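All remarks here apply to the structure that follows.
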Amino acid sequence: MKRVIIIVLDSLGIGELPDAGAYGDVGSNTLGHIAAAMQNQPWFKLENLISLGLGHIEGVDYIEKTWNPMGSMGRLGELSKGKDTTTGHWEIAGIILDNPFPTYPDGFPDEVISAFEKAIGRKCIGNYPASGTAIIEKLGKEHMKTGYPIVYTSADSVFQIAAHEEIIPIEQLYKMCEKARSILTGKHGVGRVIARPFVGQPGSFIRTKNRRDFSLKPVRKTVLDFAKEQGLQVRAVGKIEDIFAGQGITHAVHIKGNSEGIDRTIEWIKEDFPGILFTNLVDFDMLYGHRNDVEGYARAIEDFDRCLPEITGAMKNDDILIITADHGCDPSTESTDHSREYVPLLIYGKPIKKGVNLYTRNSFSDIAATVAEYLGIKAEIEGKSFLEEIQI
């Protein structure tokens, strides 16, 4: 019974891509800058990631090497245009986008906002690029007084709606997002509409774990669709179901943080089923990358590293584990947005050779091609499999 477990460490980039300048990301290196900042902190060890071969990845010379890597390793470039979550995950699953999702550095046009206000039956406030925590501090009091939802975006292709849970209940906020999603199509087809609920009082607002993403449906079939069609299970942990708008998913569980995501992943690894287990751990990005919290990000990486033995220990004989990311989000830079970076590729399992260095691969979609080949899935997807190089 063959399975592939894909764990996305959301935003853990490992250095700028050659075209980073076109995205304003020259010099970005999420893991590299975190490692540099933590070099004198004895708790930041990453022993288990190092044992898999993290320090042997091309360009990751800031992480200790091991003499005997337990897995194979490499780094992946991104061929799709963009640096957002949806683009990254779709490419991991076998779709390369020639055109980026639209972004709105000056806010959304009147045609979008007026249609949204008409659909929800009330006005909205904001409508400009901002940090989520900053905009609720600025507009949260007005929102509570008027009941108008806060609309904002970022450098990424997102339409975000923030609302206090006591002013606009969660289910009502989700319905607003669904209405926005139906409006934001065609030339205004942003990658994601995101519900951003918060609680608290002015001066002490806190975003809750009830975030939810409403993505566009994938433009073509992914390896997930082909797997499902051919009788395999595709189990999704975290926001994977949202990113793929439910397509190609047979089982899904939403989580309220990395810890729960890791626990759910381990629980499903211990079960018997053929197919794909696809996990996104969002805290790296949401709680630390976007908030420029270097130490918080470092501790989240260390926490994941500490859990790795339990993850690998639960794996069965034919399981393959792939650890990667979907973009960068360097917390050490002035920007609070995603960064255009290479992502790590760590592969482990009994069917996998130890110490094979794949160096630099052109596309995230090589993961999809490898998954398809290993599981015997007939799929028309992008990517070039590296299975022959790593399989025993």
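For the range 183-202, how many residues meet the condition of being part of a strand (DSSP E or B) and either more than 19 Å from the chain's Cα centre (by Cα) or basic (Lys, Arg) (or both)?
Residues meeting the conditions: 5.
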task: Give Leu281, Leu232 a once-over and let me know the one that is under 18 Å from the mean Cα position of the chain (by Cα), of a type in the set (A, V, I, L, M), surrounded by 17 or more Cβ atoms within 10 Å (Cβ to Cβ) and modelled with pLDDT of 95 or more.
output: Leu281
Of all residues in the range 91-146 being in a helix (DSSP H, G or I) and among the hydroxyl-bearing types (Ser, Thr, Tyr), the one that is farthest from the chain's Cα centre (by Cα): Thr146
task: Out of Ile323, Ile377, report the one residue that is of a type in the set (Val, Ile, Thr) and either part of a loop (DSSP other than H, G, I, E, B) or modelled with pLDDT under 95 (or both).
output: Ile377
field: Leading residue by the ranking (nearest to Ile255 (Cα to Cα)) among those in the range 203-215 that are part of a loop (DSSP other than H, G, I, E, B), out of contact with any helix residue (DSSP H, G or I) (no Cβ under 7 Å at 6 or more places or on another chain) and of a type outside the set (D, E, K, R)
entry: Thr208
- prompt: With Pro309, Pro344, Pro331 as the choices, which residue is over 22 Å from Ile14 (Cβ atoms) and at pLDDT 95 or above?
  reply: Pro309
- prompt: Would the range 216-235 turn up any residue that is part of a strand (DSSP E or B), in contact with a Gly (Cβ under 6 Å, 6 or more places away or on another chain) and assigned by TED's automatic domain parsing to the domain that holds Trp90?
  reply: yes
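For (1) assigned to a loop (DSSP other than H, G, I, E, B); (2) more than 18 Å from Met73 (Cβ to Cβ), each residue gets a yes or a no:
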{"residue": "Pro331", "(1), (2)": "yes, yes"}
{"residue": "Glu334", "(1), (2)": "yes, yes"}
{"residue": "Asp337", "(1), (2)": "yes, yes"}
{"residue": "Ile347", "(1), (2)": "no, no"}
{"residue": "Lys354", "(1), (2)": "yes, no"}
{"residue": "Leu358", "(1), (2)": "no, no"}
{"residue": "Ala369", "(1), (2)": "no, no"}
{"residue": "Glu373", "(1), (2)": "no, yes"}
Number of positions in the range 103-130 that are within 24 Å of Asp326 (Cβ to Cβ) and crowded, with 16+ Cβ neighbours inside 10 Å: 4
message: Within the range 236-246, take every residue that is assigned to a loop (DSSP other than H, G, I, E, B), closer than 12 Å to His89 by Cβ and of a type outside the set (Phe, Trp, Tyr) and give me the one that is farthest from the chain's Cα centre (by Cα).
response: Ala245
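The values are calculated or read from the model by the stated rules, or taken from the named source; none is laboratory data. From a predicted model like this one, the values you see are computed outputs, not experimental measurements. Note: ideal-geometry Cβ built from the backbone for every residue, glycine included; neighbour counts use all protein chains shown.
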